[in-house]
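The values are calculated or read from the model by the stated rules, or taken from the named source; none is laboratory data. None of these values were measured; they are calculated from a predicted model. So basically every Cβ, Gly included, is an ideal-geometry build from the backbone, and we count neighbours across all protein chains shown. Side chains included, ligands, DNA and RNA excluded: accessible areas come from the protein's heavy atoms. Shrake-Rupley method; radii C 1.70, N 1.55, O 1.52, S 1.80 Å.
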Amino acid sequence: MQTLVYIANTESLKENGLYNAAFDAVSAERKDKVLRYRFLKDRVLSLGAEVLLRKALRECGIEIPEIHYGFEINGKPFLKGVEGFDFNISHSEDFVMVALSGNETGCDIEKITEIDLEIAKKFFFREEYENIAVLPASEERNELFFRYWTLKESFMKATGLGMRLPLDSFQILIGNDGKTGVRQSVDTKNYNFTEIDAFPGYKCAVCTAGNAAETDVKIVDFREILNGGNNGGTEDHKGN
């Protein structure tokens, strides 16, 4: 199956009416998790993640009244009672994203900020660091750093190892044509990447195991989803 990706700005969920609608729409497990957060920003990110996940499941024909989460030995979450699907969640600042696929998948979104090159030198694969360091302008270095970061983290999450996999133990390959790949020794699977340039100042990437398949990216408006808008609150967007 294709990989479904949903991305949304959670700022609207800070409105009382929409916050309450989102809270009512999520599972009891998610409600408990949300209430443990001290700050509203973290609460709406958590709420938004499950609202997006439920939308993705519905579009795959899966309707479940209660979502129950389990965790694999390596710590990666899965959905109890839902077979044949893998999902992943990421958030940064006000944005949250969800990826759902029939194969192992991982996603990451990051806000581009000023970087410390020593982080790349210490933790990235050598050639990755060198590609960043050689750029003359700090803006270019910042952008490439976070491009590498999102690609690397999406791969790490797709493998199921997450941060257990050292950042310098595999290499992200970015070709002159902009296409991406990975040189790795974790397993013998093929991994495919999709980069999403939908939001200025952010980098987004999705990694999925298996043969290359279409990635369907949707930009979501929570007002439309939770208020029952006619278009379901989505805007199609092409990934790279």
Conditions (1) within 21 Å of residue 120 (Cα to Cα); (2) touching a strand residue (DSSP E or B) at 6+ places or on another chain (Cβ under 7 Å); (3) surrounded by fewer than 20 Cβ atoms within 10 Å (Cβ to Cβ); number of the one not met by residue 175: (2)
Test for residue 58: is it of a type in the set (Lys, Arg), at pLDDT 95 or above and on the phi < 0 side of the Ramachandran plot: no
Within segment 107-122, tally of residues that are assigned to a helix (DSSP H, G or I), open to solvent by less than 90 Å² (accessible area, probe 1.4 Å) and closer than 19 Å to residue 162 by Cα: 2
Please verify whether segment 127-135 includes one or more residues that are open to solvent by less than 40 Å² (accessible area, probe 1.4 Å) and either aromatic (Phe, Trp, Tyr) or in a loop (DSSP other than H, G, I, E, B) (or both). no
What number of residues within segment 161-172 are outside any helix (DSSP H, G or I), open to solvent by 30 Å² or more (accessible area, probe 1.4 Å) and either hydrophobic (A, V, I, L, M, F, W, C) or within 16 Å of residue 110 (Cα to Cα) (or both)? 1
Looking at segment 180-222, which of its residues are in a strand (DSSP E or B), within 26 Å of residue 127 (Cα to Cα) and among the hydrophobic types (A, V, I, L, M, F, W, C)? 182, 193, 196, 204, 205, 206, 207, 209
Close pairs (9 angstrom Cβ cut-off, 6 or more residues apart or separate chains): without any contact (Cβ under 8 Å) to a residue 40 or more places away in the chain and aromatic (Phe, Trp, Tyr) in segment 26-37, assigned to a helix (DSSP H, G or I) and open to solvent by 50 Å² or more (accessible area, probe 1.4 Å) anywhere: 37/43
Mind counting the residues in segment 136-151 that are free of Cβ contacts under 8 Å to residues at least 40 places away in the same chain and assigned to a helix (DSSP H, G or I)? 8
List the pairs whose first member sits in segment 116-134 and is under 12 Å from residue 172 (Cβ atoms), whose second member is outside any helix (DSSP H, G or I), and whose Cβ atoms are under 6 Å apart, counting only residues at least 6 apart or on separate chains? 125/171
Considering only residues that are open to solvent by less than 30 Å² (accessible area, probe 1.4 Å) and either touching a Leu at 6+ places or on another chain (Cβ under 8 Å) or on the phi > 0 side of the Ramachandran plot (or both), look in segment 179-214 and name the one that is modelled with the lowest pLDDT. 210
Check whether at least one residue in segment 142-160 is open to solvent by less than 40 Å² (accessible area, probe 1.4 Å), among the β-branched types (Val, Ile, Thr), modelled with pLDDT of 95 or more and touching a helix residue (DSSP H, G or I) at 6+ places or on another chain (Cβ under 6 Å), and report yes or no. no
